[in-house]
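Please read the structure below before turning to the comments.
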Amino acid sequence: MGADLIVLAQQGFPTPMGGATLAHYLLVSAIMFAIGLIGFLTRRNLIVMFLCTELMFQAGGLALIAFSRFHLEHSGQTFVIFVLTVAAAEAAMALALVVLLFRKRESLDADEWTEMKG
Amino acid sequence: MTIASDILQAVLPAMLGAPDAAHAPIQPVGAGAWWIGLIPALPLLSCILCGVCAAIKVKSKLPAWLTVLCLGISFMLTVWMFQQFAGGRSVTVAWEWINLGWTDSQGQRQALVANFGFYVDSLTCLWMLFVTGLATLIALYASEYMSHDVGAGYCRFFAAFGLFVFSMACLVMGDNLILLYLGWEGVGLCSYLLIGYFYKKPSAVAAAKKAFIMNRIGDLGLALGVFLAFVQFGSVEYKVLLDAARPYIEAAQAGHFDEIPFTVQLIPILLMVGAFGKSAQLPLYVWLPDAMEGPTPVSALIHAATMVTAGVYLIARTYPLFLVSEYALPIVAWVGALTALVAATIGMAQFDIKRIMAYSTVSQLGYMFAGLGVLTSTGAAFHVFTHAFFKASLFLACGAVMHGFAGQLDLRKLSGVGFMKGWQVVALAMLVGCLNLAGFPFTAGYFSKDMILAEAFVTPHMAPIGWILLLTAGLTAYYTFRVFFRVFVGPKSFEPGDEVHAHADHAHGDHGHGDHGHDAHGDHAHAADHGHGHAAGHGSGEFHPHAPGWAINFVLAALTVLSIGAAGLYFLGDHGGWVAKMVHESSANLPAVAHDAHGSEGHAHGTFLGMDPHKVMYYVSGIVGAVGIIIAFGLHYLGRKTAATANADKLVPLLGPIPKLAQGKWFVDEIYDFLIVKPLHLVSIVFAYVDKLLVDGLVNTFGWIPRAFGSGLRPLQGGNLHGYAVQMAGGVALLLLIVFLASIAGL
């Protein structure tokens, strides 16, 4: 691997996003994760909560891709592709569960479901 | 000089000095015939067949006939064994049972060998002849006696009956102490099963448990004795054990008991405890009278004729071991004599005829033990033999009365039974049995009892035992004929027992009440066949006593003939008769040989009021017996108008509290209850609290700790999704904070 390629990879693309470094990507990822977490903790709507988890999920994926690019290592990106596939399947199942839960209580409020406790 | 060494010095030198006995080589143990194993196997087969009958729900008398057939063949084989028997000793090994070998710390090879083998000598033959013979007859009797219970109960009865004979055969024929122990426990189990036969009757269940527990106490002694015998002599097989004791006997004869190890002297004492338990001697006799709750054939076979003589058999079989102990035989003699007296006094005051017979059994067993104790194993074995026949016939006669009068056993409520129609055989059997038991001259019981009495006076220091036994003989004659004069002769009168309404007390396996009614009808029809014992009495209008049928009559007649015939055995062969010959040839022979010779040796021996007991005891015991009978005649027959009262009642107030005490069995049960049961109960209450507070408390504490933790943490799992999310986020934040602070601190 050529030395200029490493420089290219580690110091950012010349155009069109000149100057965007790993730190930028990680910052975006962190913000996405924080939004997702706060959304998950504050909202009661099951679908919104589920969307928030997806957001946190994708924040993690973004960080992985950024690191993968930074290290010129493809396994991180491969991993994210698998995660996306699983997330798609998981989304389908989770939404089906939400539909079932809604049919039981006619409500999407997460606080309706507190039967399983110690 | 101790008592025991005196006794042995008086009788033993002759034994070792006699040319033909002591120095004769010990007879080698030959191999016995294979078919000897069939003698115990056939009763076991009958037990299994009865079990099959129960499984396929046989509702006929088939189990009884199978049992009678198997036992009958077994008896014939026993007779054949006796015929083939050549006066030696033989061992038939059916299969190897226990064979453990190891090397001990000294590098010696040790082995515990206990085969399922049968040791046959004359003592075995003697015992097996009356065990299988009586078992066959009594099974035949029971086929009629138990007929009210045909069905599951009938099968259960005969299965236990077969198992009993098998166990008894193992006990008597086993060639080692472990097989004897197996048989010993087996007969105890069958005794328990059969006493508790009417298991719906609380008193029967209690009696069964009492018998079992009392026997456990004795069995502990027996087990320890067997262990100690093995530790001391390295074997439990008779052929080794009995010869191993010989060197010690010589020391005992010289009076050097201090040369005999203590453990050797302890073996007979431990074995003796087992014998006291099984043969109902003081202080363990209280279970036997209660055992009468079982069906009468069981009382006759197990609790009068065979099982209870197992203790006598054990001592006779291991007689050489008993001779080496300084105290064992004197203890046996004293316990036997005191048991004989105590049981006789209780028997005098009872009103239940079966219970009187039970106490007389205890009393006669005491005689046998006293006989062993005063060194006449011949007398003891002869008394076992004759007693087996006449006591069986007495019990079976009582059982016939009980069967015919709906369970009535109170001698105040029955009178003149012998004059009722169809009861002559029973009355005759009873009369012959009573004469035997009372020791009336020229009956079998007279000769066997006489042998023990004479020997008690002959043996040094044992005269008090002779006097006790003589007194007991008088009391025995009195209480025996008290029953006869009250129940079988006199004015005809009766009150039926409380089983008149369809045997209310009997626990019928799985019969419903409808079946009871049917059974009762069958019984009445049966009575009609044989003619009613119509009495002038005041029986309830409906009740007719039913005279016994052919099976009961046949068995009673056979036993009567046998108990008369047993007297003839005394005249077969010389000096002591056939039984003496049998005993001389067996392991119990030592004192008998000594006895043969000691007259000529001129050793000083005891006398009866200055006369030779052997010569005068015939007259003395005959007179004592006759006096007892005459007193009973005067008190219970002369001038008696009703069943309930007799001349004896006038005498009772003169004796103060004694009749009351005797009627209450000297309150021995109550004393045991107070001294043993109550304290144990208190201790067990204390232990129950210790168990609850300490043991349970400890365990519960260990259970409580995780529970307490859990209840502290449980609220965290509130079931709320947001709660979990906050906890998780908080946890992650906390972790990050720690990592952050750690990195700031430069860790």
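The values are calculated or read from the model by the stated rules, or taken from the named source; none is laboratory data. From a predicted model like this one, the values you see are computed outputs, not experimental measurements. FYI the Cβ positions are ideal-geometry reconstructions off the backbone, even for glycines, and counts take in every protein chain you see.
When region A:61-118 is filtered for residues that are in a helix (DSSP H, G or I) and closer than 30 Å to B:PHE709 by Cα, the ones remaining, listed by number, are A:ALA110, A:ASP111, A:GLU112.
Among residues of region A:53-106 being among the β-branched types (Val, Ile, Thr) and surrounded by 14 or more Cβ atoms within 10 Å (Cβ to Cβ), the one that is farthest from A:ALA30 (Cα to Cα) is A:VAL98.
Candidates in region B:47-74 are the residues that are more than 19 Å from B:TYR145 (Cβ to Cβ), β-branched (Val, Ile, Thr) and under 26 Å from the mean Cα position of the chain (by Cα); of these, the one that is surrounded by the fewest Cβ atoms within 10 Å (Cβ to Cβ) is B:ILE48. When the residues of region B:77-93 are filtered to those that are touching a Phe, Trp or Tyr at 6+ places or on another chain (Cβ under 9 Å) and buried (at least 16 other Cβ atoms within 10 Å of the Cβ), the one that is modelled with the lowest pLDDT is B:ARG89.
Looking at B:ASP149, is it of a type in the set (D, E, K, R), over 19 Å from B:LYS239 (Cα atoms) and out of contact with any Pro (no Cβ under 7 Å at 6 or more places or on another chain)? So B:ASP149 fits the description; yes.
Yes or no, residue by residue, for (1) β-branched (Val, Ile, Thr); (2) surrounded by fewer than 24 Cβ atoms within 10 Å (Cβ to Cβ); (3) closer than 19 Å to B:LEU569 by Cα:
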position: B:GLY422; (1), (2), (3): no, yes, no
position: B:LEU435; (1), (2), (3): no, no, yes
position: B:MET462; (1), (2), (3): no, no, no
position: B:ILE465; (1), (2), (3): yes, no, no
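Could you tell me how many of the residues in region B:463-508 are farther than 19 Å from B:ILE353 by Cα and modelled with pLDDT of 85 or more? Total satisfying the criteria: 9. Quick one: would you say B:VAL652 is part of a helix (DSSP H, G or I), more than 14 Å from chain A (Cβ to nearest Cβ) and surrounded by 13 or more Cβ atoms within 10 Å (Cβ to Cβ)? It is true that B:VAL652 is part of a helix (DSSP H, G or I), more than 14 Å from chain A (Cβ to nearest Cβ) and surrounded by 13 or more Cβ atoms within 10 Å (Cβ to Cβ). So which residues in region A:37-82 are touching a Ser or Thr at 6+ places or on another chain (Cβ under 8 Å) and either touching a residue at least 24 places away in the same chain (Cβ under 8 Å) or within 11 Å of chain B (Cβ to nearest Cβ) (or both), if there are any at all? Result: A:PHE40, A:ALA59, A:GLY60, A:LEU62, A:ALA63, A:ALA66. When B:LEU222, B:LEU189 are checked against the criterion of being within 20 Å of the chain's Cα centre (by Cα) and surrounded by 23 or more Cβ atoms within 10 Å (Cβ to Cβ), a single residue qualifies: B:LEU222. Mind listing whichever residues of region B:717-740 are at the interface with chain A (Cβ under 8 Å from one of its Cβ atoms) and within 19 Å of A:LYS117 (Cβ to Cβ)? Scanning region B:717-740 gives B:GLN717, B:GLY718, B:GLY719, B:ASN720, B:LEU721, B:HIS722, B:ALA725, B:VAL726. Tell me, which helices (runs of 4 or more DSSP H) lie completely within region B:665-716 with 2 or more residues that are within 14 Å of chain A (Cβ to nearest Cβ) and out of contact with any Gly (no Cβ under 7 Å at 6 or more places or on another chain)? Hits in region B:665-716: B:696-713.
In this structure, B:THR296 does not qualify as free of Cβ contacts under 8 Å to residues at least 60 places away in the same chain, touching a helix residue (DSSP H, G or I) at 6+ places or on another chain (Cβ under 7 Å) and closer than 25 Å to B:PHE164 by Cβ.
Checking each residue of region B:272-282 against the condition of being free of Cβ contacts under 8 Å to residues at least 60 places away in the same chain, farther than 21 Å from B:ALA388 by Cβ and either within 13 Å of the chain's Cα centre (by Cα) or assigned to a helix (DSSP H, G or I) (or both) gives at least one match.
Residues considered: B:ALA427, B:ALA392. Of these, the only one that is among the aliphatic types (A, V, I, L, M), farther than 21 Å from B:ILE623 by Cβ, at pLDDT 90 or above and surrounded by fewer than 24 Cβ atoms within 10 Å (Cβ to Cβ) is B:ALA427.
State yes or no: is A:ILE35 farther than 26 Å from B:ALA729 by Cβ, surrounded by fewer than 16 Cβ atoms within 10 Å (Cβ to Cβ) and modelled with pLDDT of 90 or more? Taking the combined requirement at face value, the residue does not satisfy it. Contact map, region B:650-666: residues that are at negative phi paired with residues that are surrounded by 14 or more Cβ atoms within 10 Å (Cβ to Cβ) and polar (S, T, N, Q), Cβ distance under 8 Å, separation 6+ or inter-chain. Pairs shown: B:ALA662/B:THR345; B:GLN663/B:GLN350. Being over 19 Å from the mean Cα position of the chain (by Cα), away from chain B (no Cβ under 13 Å) and among the small types (Gly, Ala, Ser) is not true of A:ALA110.
Do we find that A:VAL28 is more than 14 Å from chain B (Cβ to nearest Cβ), within 13 Å of the chain's Cα centre (by Cα) and surrounded by 12 or more Cβ atoms within 10 Å (Cβ to Cβ) in this structure? So A:VAL28 fits the description; yes. Number of residues in region B:91-134 that are touching a residue at least 12 places away in the same chain (Cβ under 8 Å) and assigned to a loop (DSSP other than H, G, I, E, B) equals 1. Filtering region B:415-434 for residues that are closer than 24 Å to B:ALA305 by Cα, without any contact (Cβ under 8 Å) to a residue 12 or more places away in the chain, part of a helix (DSSP H, G or I) and over 25 Å from the mean Cα position of the chain (by Cα) leaves a non-empty set.
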